[in-house]
Amino acid sequence: MYNGLDPVLNTPVRLAIVSVLVKVRQADFNYLMEVTQTTQGNLSQQIKKLNEAKYIEVIKTFKGNYPQTICKLTDTGKKAFEKYVADIKIYLHL
């Protein structure tokens, strides 16, 4: 694996989550699970890692009587994604 790439973003599910959030700014857990096509447990772990890195903000609310988890991209996350894309282009000689 290329050592210069951000290790937080250099996993498929985390990269997919941030890619979605770059476009929509915020999304709920179920939407992210649908677009990443991963399990609830895996998505929870990947969201936790992105939150720990301050790439996303996690907001826990209720929708009716049901808990709802909303993820928002932070400025740190947006900058990290832009740098990751730029690094990939360099790595691939694009």
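Roughly how many debye, to the nearest 20, is the charge dipole of the chain about its Cα centre, given +1 on each Lys and Arg Cβ, -1 on each Asp and Glu Cβ, and no other charges? Walk me through the numbers on the way to the answer.
Numbers: 13 positive and 8 negative charges, 31 e Å.
With only Lys, Arg, Asp and Glu charged at Cβ, the dipole is about 140 debye.
Mind pulling the angle between the C-alpha long axis of helix 12-24 and the longest principal axis of the chain? Nearest 10 degrees, somewhere in 0 to 90.
Taking the Cα atoms of the chain, the angle to 12-24 is about 70 degrees.
Stretch Thr39-Lys54 to full length: gain in nm at 0.36 nm per residue minus the Cα-Cα span? Don't skip to the answer; put the middle values down first.
Numbers: separation 15, 0.36 × 15 = 5.40 nm, distance 2.24 nm.
So the chain would gain 3.2 nm between Thr39 and Lys54.
What 222 nm value per residue comes from the helices of the chain, counting each DSSP H run with n ≥ 4 as -39,500 (n - 2.57) and dividing by all residues, nearest 500 deg cm²/dmol? Don't skip to the end; give the middle numbers.
Numbers: 4 runs with 51 residues, N = 94.
Helix contribution divided over all residues of the chain: -17000 deg cm²/dmol.
On a 0 to 90 degree scale, rounded to 10, what angle separates helix 40-52 from the longest Cα axis of the chain?
60
Kindly flag which residue pairs out of Lys48/Lys89; Lys54/Lys83; Lys49/Lys89; Lys54/Lys89 have an alpha-carbon separation exceeding 22 Å in this structure. Write out the running numbers ahead of the final one.
Working: Lys48/Lys89 27 Å; Lys54/Lys83 15 Å; Lys49/Lys89 25 Å; Lys54/Lys89 24 Å.
Over 22 Å Cα-Cα: Lys48/Lys89; Lys49/Lys89; Lys54/Lys89.
Quickly work out the Leu5-to-Tyr31 label distance, labels modelled 7 Å from Cα along the C-beta direction, and quote it in nm with one decimal.
Label-label distance for Tyr31 and Leu5, simple model: 2.6 nm.
Let me have the relative contact order for the chain, percent, based on Cα pairs under 8 Å that are six or more residues apart. Walk me through the intermediate numbers first.
Values: 95 pairs, mean separation 30.3, N = 94.
Relative contact order for the chain comes out at 32 percent.
List the trypsin sites (Lys or Arg not before Pro) in the stretch 19-77 that DSSP assigns to loop (not H, G, I, E or B) and whose Cβ has at most 12 other Cβ atoms within 10 Å. Which are they? Before the final figure, lay out each step's value.
Details: sites: Lys23, Arg25, Lys48, Lys49, Lys54, Lys60, Lys63, Lys72; in loops: Arg25, Lys54.
Loop-located and lightly packed - Arg25.
Given points 7 Å out from each Cα along the Cα-Cβ axis, report the Val22 to Thr76 separation in nanometres with one decimal.
According to this spin-label approximation, the distance is 1.9 nm.
Stretched out fully, how many nm does the piece from Lys83 to Tyr66 gain, at 0.36 nm a residue minus the Cα gap?
Values: separation 17, 0.36 × 17 = 6.12 nm, distance 3.67 nm.
Answer, rounded to one decimal: 2.4 nm.
Ranked from highest to lowest mean number of other Cβ atoms within 10 Å per residue, what is the order of the peptides 39-45, 12-18, 77-83? Could the numbers behind the result be given before it?
Values: 39-45: 12.9, 12-18: 19.7, 77-83: 16.1.
Those peptides, ordered most packed to least, come out 12-18, 77-83, 39-45.
Taken together, the values in this text are just the output of simple stated rules run on the coordinates, not laboratory data. All of these numbers come straight from a predicted model, not from anything done at the bench. We place every Cβ from the backbone using ideal geometry, glycine too, and count neighbours over all the protein chains shown.
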